[in-house]
Amino acid sequence: MTVFTRRAVAMTGAAAAVSLTLTACGSGGGSGSDTDSLVISANAIAGGKNEQEAKWIEEWVIPNFVDQKKEQDDVDVSVSFDASGVDDEQYKTKLALDLQGGSGPDIMTLDGIWIGEFAQAGYIKPLTEVVTQADFWEGWDQIPEAVQKLGSFENERYGIPAGTDGRVLYYNKDLFEQAGLDREWQPAGWDELVEAAEALGGIDGVTPVQLNAGTAMGEATTMQGFLPLLAGAGEHIWDKGKWRGESDAVTETLGLYEKIFADGLGDPLLQQEAQGRDKSFEQFADGRIGILLEGDYFWRSVVHPELGIAPMEDRDEVVGYAKIPAIEPGKGIHGQDFASMSGGSARVVNPETDNPELAFELLTFMNSDEALKALLEGEARITARTDTNADVLKDDPMLTFVADEVLPITAYRPGLAEYTRVSTLLQEATASVVSGSSAEDVAASYREKLEGVVGGAGNISN
């Protein structure tokens, strides 16, 4: 995963090289050198990638945890941070190699889509196999069951979610009013979504719906398009050990794409442009897109009145948001009326740590209400904890809406090695539909290609 990188703020020259060598093969991974020493790893570094997290670990987590152990338990603890600022795949590969060799940090941050892959490889273990009392942490009561799945695999908790998000339908209230629709809108099914789009289609110069499709949009097609709709049709893309093939739900999801683009309710050319997603942001901000499926990132970082990359001064008055409806009420996953998808990361304990109880204590400390508030530094951002969200989001109704209404019904991508290739197939399938192929033909073609990606028909369920 990550080449252990020097922290310029703390070390230089030969001294840094010696210190890093010791850290890389220190207490984590079972060296037995010091049972009161712990190492934290994350793909974050001061002055570089994920700087806010790196500074939080170095300047708040470590000193406060060390002081707490001394004051409450009269125990001297040494905690160090292996900072990295590299490509995520490079970080992942380095960490996997360390774990495979029985070494690595005591606590590490993993992208949620790596959890299953690392679990299947035996690099990480369920928390209760590492720490027998792991299920009794009081913090679990503050993390919705749906959100806990971010750090879980096959119904076992492997880590604690470090942060998450949620996807919704955004819409332009002014355009809705112009189209004769209510400014307050919550579709109860796909038919109502299409009906609103058709009404918006009567406004010149407006694209009714932006539903990410095709390979140019990359993972945004899968996460901000296909997967939340599939969940609304009642299925996960991977469930009970098999990948979903040419099922009714897959075909119905592709059918919604077909309806939108064949009927001129979406812009097919936008899906093919290299910067199509950014252009869709600009067009929404300019009042040229009526409905857009996106994550909460869109609200806080794209159309934010001061900080956004496509700022809307009147965002709070003009931009509406609604839950993504199931195809029909009660037809979503788990019998839900609405669905969503979320991303994020989780922090896990190295199963080879020399001091699992202390490592878990540090892990829970990092995921406490106090620690998360220190990380955010007053920023309104969704966390995995309901108590933290209730406080830090109280002045932002939209993010509160996601935390309260969306997170309890959300779903996550399967954390398996094959996922990225399956995602590409889904992107290609939506591109074919946008180009004019029928949903039924595309679903059949997708299933054939899926066999070659996931190891044969035996790993596919229809």
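Between residue 449 and residue 132, what is the label-to-label distance in nm when each label sits 7 Å out along the Cα-to-Cβ direction?
5.1 nm
Rounded to the nearest 5, what % of the DSSP beta bridges within the chain are antiparallel ones?
Numbers: 25 of 41 bridges.
Close to 60 percent.
Could you give the nm distance between label points at residue 184 and residue 89, where each point is 7 Å from its Cα heading toward the beta carbon?
4.8 nm
How much accessible area per residue does the chain have, in Å², with a 1.4 Å probe?
Ligands and nucleic acids excluded, the figure is 41 Å² per residue.
What is the local net charge at residue 310, summed over the other residues whose Cβ is closer than 15 Å to its Cβ (Lys, Arg +1; Asp, Glu -1)?
Values: positive: 277, 279, 288, 300, 315; negative: 278, 282, 286, 294, 306, 313, 314.
Net charge around residue 310: -2.
GluC sites (Glu not before Pro), restricted to region 273-334: which are DSSP loop and have at most 13 other Cβ atoms within 10 Å?
Numbers: sites: 273, 282, 294, 306, 313, 317; in loops: 273, 306, 313.
When the GluC sites (Glu not before Pro) of region 273-334 are filtered for loop state and at most 13 Cβ neighbours within 10 Å, 306, 313 remain.
Multiply the residue separation of residue 239 and residue 390 by 0.36 nm, subtract the distance between their alpha-carbon atoms, and state the gained length in nm to one decimal. Write out the running numbers ahead of the final one.
On the way: separation 151, 0.36 × 151 = 54.36 nm, distance 3.22 nm.
Contour length minus Cα-Cα distance gives 51.1 nm.
Could you sort 388, 128, 364 by their accessible area in this structure, using a 1.4 Å probe and putting the largest first? Show your work: numbers first, answer last.
Values: 388 0, 128 50, 364 20 Å².
Per-residue accessible area, sorted high to low, gives 128, 364, 388.
Can you give the FRET efficiency for residue 420 and residue 75, using 1/(1 + (r/R0)^6), R0 = 35 Å, r = Cβ-Cβ distance, to the nearest 0.05? Write down the numbers at each step before the final one.
Details: r = 43 Å, r/R0 = 1.23.
In this case the efficiency is close to 0.20.
Accessible area of the chain with a 1.4 Å probe: how many percent of it is carbon plus sulfur? Can you show the working numbers first?
Working: 8300 of 18760 Å².
That fraction is 44 percent.
Put a dot 7 Å past each Cα toward the Cβ at residue 155 and residue 370; how far apart are the dots in nm?
Going by the 7 Å Cα→Cβ label model, 3.7 nm.
So what does log10 I(q)/I(0) come out to for region 131-191 at q = 0.18, 0.24, 0.28 Å⁻¹, using the Debye formula with one equal point on every Cα and no solvent?
At q = 0.18, 0.24, 0.28 Å⁻¹ the computed log10 ratios are -0.73, -1.01, -1.24.
Per the helix-only calculation at 222 nm, which mean residue ellipticity applies to the chain, given -39500 (n - 2.57) for every DSSP H run of n ≥ 4 and division by its residues, nearest 500 deg cm²/dmol? Could you put the intermediate results ahead of the total?
Details: 19 runs with 172 residues, N = 462.
Helix-only estimate at 222 nm: -10500 deg cm²/dmol.
Please state, to two decimals, what the Cα-based radius of gyration of region 346-414 comes to when divided by 2.2 N^0.38 Å (N = residues). Intermediate values should be presented prior to the final figure.
Numbers: Rg = 14.6 Å, N = 69, 2.2 N^0.38 = 11.0 Å.
The value comes to 1.33.
Compute the acute angle (0 to 90°) between the alpha-carbon long axis of helix 276-285 and the principal axis of greatest extent of the alpha-carbon atoms of the chain; round to the nearest 10°.
For helix 276-285, the angle is close to 70 degrees.
Any chance you could get the radius of gyration and Dmax over the Cα atoms of region 148-266, in Å?
Both quantities, over Cα of region 148-266: 16.9, 52 Å.
With a sphere of radius 9 Å drawn around the Cβ of residue 338, what net charge do the other residues whose Cβ falls strictly inside it have (Lys, Arg +1; Asp, Glu -1)? Walk me through the intermediate numbers first.
Values: positive: 323; negative: 337, 405.
Computed value for this residue: -1.
Of 56, 100, 81, which is farthest along the charge dipole of region 47-101 in the positive direction, counting Lys and Arg as +1 and Asp and Glu as -1 at C-beta?
100
If Lys and Arg each add +1 and Asp and Glu each add -1, what is the summed charge of the other residues whose beta carbon sits under 10 Å from the beta carbon of residue 453?
Values: positive: 421, 449; negative: 418, 451.
Taking every Cβ under 10 Å from that of residue 453, the sum is 0.
Which value, in debye to the nearest 20, describes the size of the charge dipole of region 88-188 about its Cα centre when Lys and Arg Cβ atoms bear +1, Asp and Glu Cβ atoms bear -1, and nothing else is charged? If you can, show how the numbers build up before the last one.
Values: 8 positive and 18 negative charges, 38 e Å.
For region 88-188, the charge dipole is close to 180 debye.
Considering the dipole of the chain built from charges on the beta carbon (Lys and Arg +1, Asp and Glu -1) around the Cα centre, which of 262, 139, 218 is farthest to its positive end?
218
Any number yet on Rg/Rh for the chain, C-alpha, Kirkwood? Write down the numbers at each step before the final one.
Values: Rg = 23.2 Å, Rh = 23.3 Å.
Taking Rg over the Kirkwood Rh, I get 0.99.
Can you compute the charge dipole magnitude of region 185-311 about its Cα centre, using +1 on each Lys and Arg Cβ and -1 on each Asp and Glu Cβ, nothing else charged? Give it in debye, rounded to the nearest 20.
360 debye
Treat every Asp and Glu Cβ in the chain as -1 and every Lys and Arg Cβ as +1, leave all other atoms uncharged, and give the resulting dipole magnitude about the Cα centre to the nearest 20 debye.
Numbers: 34 positive and 78 negative charges, 234 e Å.
In debye, rounded to 20, the chain gives about 1120.
The values are calculated or read from the model by the stated rules, or taken from the named source; none is laboratory data. Just so we're clear, the structure is a prediction, and the values are computed from it rather than from any experiment. Heads up, the Cβs are rebuilt from the backbone with ideal geometry, glycines too, and the neighbour counts pull from every protein chain shown. For accessibility, only protein heavy atoms count, side chains too; no ligands or nucleic acids. Shrake-Rupley method; radii C 1.70, N 1.55, O 1.52, S 1.80 Å.
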